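Remarks on the structure that follows.
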Amino acid sequence: MSTDRQLARHHSDAAPAAIGPYSQAVSANGWLFTSGQVGLDPTTGELVAGGFDAQARQVFANLGAVLSAAGCGFGDVVKATVYLADMADFPTLNGIYAAAFGDHKPARSTFAVAGLPKGARVEIDLVARLPG
């Protein structure tokens, strides 16, 4: 974690390294903003095999690692933004999403998009309140 004008960057080796000029997450004034995560395996940098279900589960594993690196978890999330390559995957997403968040229900927006990095089928970014 490095500090620059009240901003802190957060990184976890348990999530894929950024594939561009950005941070996995940045915190400012008690809030954490994650970059979008796709279903990349952190060790290979490639999309996980197994289609949408496997990619979505990997997205949540990656996000969980980034949240943890910043000292928080899914219960601290206040907003999620979901990008889907195909809205037909929406029902599957809802089941995986519900399992990740449990009884916690942050605000959420979901969009269909024309394409995602590396041909991914889902990308999610989060805003969380840092504890303390």
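Where a number appears in this text, it was derived from the coordinates with a stated rule and is not lab data. Bear in mind the structure is a predicted one, so any value in this text is a computation, not a measurement. Note that we place each Cβ from the backbone using ideal geometry, even for glycine, and neighbour counts take in every protein chain shown.
A few comments on the model shown:
- Segment M87-F111, extension gain: residue separation times 0.36 nm, minus the distance between their alpha carbons: 7.8 nm
- Each principal axis of the Cα cloud of region 1-118 was taken in turn, and the coordinate range along them, longest first, works out to 43, 33, 23 Å.
- The residues V59, V38, when put in order of fewest to most other Cβ atoms within 10 Å, stand as V38, V59.
- Loop sites in region 1-78: trypsin sites (Lys or Arg not before Pro), DSSP, at most 10 other Cβ within 10 Å: R5
- Cβ-Cβ FRET estimate between A28 and H104, R0 fixed at 30 Å, reported to 0.05: 0.85
- Model label sites at E46 and S68, defined 7 Å from Cα along the beta-carbon direction, differ in position by 2.5 nm.
- Nonlocal amide H pairs with V78, under 5 Å, H built at 1.01 Å: V127, A128, R129
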